[in-house]
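*Asks:* The structure's right below; bear with me while I get my questions together.
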Amino acid sequence: MLRVGVLAIQGDVREHINSLNSLNVAVQKVRSPEELKTVNALIIPGGESTTISMLAQRFGLLEPLRAFVKEGFAVYGSCAGMIMLADEILDGKADQETIGGLDITVRRNAFGRQVDSFETDIQIKDFQEPLRAVFIRAPWVERVGNNVEVLASFKTEKLEEHPVMVRQGSLLATAFHPELTKDNRVHEYFVQMAKSVSIVN
Ligand code: GLN
């Protein structure tokens with residue numbers, strides 16, 4: 001059975017739990033290595049990646065999270081969660097650690113201060129209708145590795161295009177926050193993905 005954990009140390013944990021609750025899966029908050037052992041998929045919420053990183057280290061979760069990713073369990077990160085999954089960060093704090101695993105380079109707070117929060121419709125690969133995407137001091141992706149599939153991109157006013165939703169095997173990340181809208185299609189996509197890749201004991 002699929003049991004989806006939500007990393008519950010900082011950020012919009014409750015919103016992700018609400019999105020999952022309508023999808024008929026077991027949901028569990030994860031705050032410790034012991035709780036991580038009870039789930040076979042995980043969501044890393046939006047929030048502040050420097051804080052999530054610092055607290056994950058303090059709670060002894062960073063290495064267990066890295067192992068969880070390496071073992072091939074499905075993990076989805078939104079916004080700060082995308083940063084936590086990235087192998088490389090630009091504009092991060094000097095000592096900012098990530099979980100890593102996703103072969104991308106993300107730039108933190110990439111959209112700049114003037115437009116630090118906005119909503120826009122984006123087209124996601126294989127989704128029939130566009131999705132209303134909420135961006136809050138969001139990162140964007142500046143480099144994707146060969147095995148990373150870009151599922152959605154955003155075009156800036158300067159007509160530069162940057163990926164904002166990517167997948168690499170069992171790892172999914174969005175620069176935006178589907179947990180802040182009633183549209184559950186990204187969570188649905190993740191649950192399907194987790195069912196197909198997860199090692200379900
Ligand atoms: N700017 C935040 C960070 O660096 C991410 C913002 C968010 O998750 N809404 O972690």
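Read the figures in this text as sums done on the coordinates, not as results from a lab. These figures come from a predicted structure and were not determined experimentally. Every residue, glycine among them, receives a Cβ derived from its backbone with ideal geometry; neighbour counts consider all protein chains shown.
*Asks:* Based solely on its DSSP helices, what 222 nm [θ] is calculated for the chain when runs of n ≥ 4 H residues each add -39,500 (n - 2.57) and the sum is averaged over all residues, nearest 500 deg cm²/dmol?
*Replies:* One gets -7000 deg cm²/dmol as the mean residue ellipticity at 222 nm.
*Asks:* Using only C-alpha atoms and all pairs of different ones, pull out the Kirkwood radius for region 9-49 in Å with one decimal.
*Replies:* 11.0
*Asks:* Something else now. Alpha carbon centre of region 1-69 versus region 99-141: separation in Å?
*Replies:* Their Cα centres are 20 Å away from one another.
*Asks:* Give me the dipole magnitude in Debye, nearest 20, for region 61-134 about the Cα centre, with unit charges on the beta carbon: positive for Lys and Arg, negative for Asp and Glu.
*Replies:* Roughly 120 debye, rounded to the nearest 20.
*Asks:* Show me the ranking of peptides 120-127, 42-49 by mean Cβ neighbours inside 10 Å, starting with the highest.
*Replies:* 42-49, 120-127
*Asks:* Going by C-beta contacts inside 10 Å, put F59, F118 in order with the fewest on the left.
*Replies:* F118, F59
*Asks:* In debye, nearest 20, what is the charge dipole magnitude of the chain about its Cα centre with +1 on Lys and Arg Cβ and -1 on Asp and Glu Cβ, if you could check?
*Replies:* Dipole of the chain, to the nearest 20 debye: 360 debye.
*Asks:* Quick one: which of 139-146, 187-194, 89-96 comes out on top by average Cβ neighbours within 10 Å, and what's the full order, highest first?
*Replies:* Listed from highest to lowest mean packing, they are 187-194, 139-146, 89-96.
*Asks:* If you take the Cα atoms of region 1-145, find Rg, then find the Kirkwood Rh from the mean of 1/r over all pairs, what is Rg/Rh?
*Replies:* My calculation of the ratio gives 0.96.
*Asks:* For region 74-181, what is Rg from Cα atoms divided by 2.2 N^0.38 Å, rounded to two decimals?
*Replies:* In units of the globular-protein estimate, region 74-181 measures up at 0.99.
*Asks:* Let me ask something additional. Work out the FRET efficiency for R14 and E160 from their Cβ-Cβ distance, taking R0 = 35 Å, and round it to the nearest 0.05.
*Replies:* Result of the calculation: an efficiency of 0.55.
*Asks:* Within the chain, what percent of beta bridges assigned by DSSP are antiparallel, to the nearest 5?
*Replies:* 50
*Asks:* For region 12-80, what does the equivalent ellipsoid look like in terms of its semi-axes, each the square root of 5 times an eigenvalue of the Cα gyration tensor, given largest first in whole Å?
*Replies:* Result for region 12-80: semi-axes of 19, 15, 11 Å.
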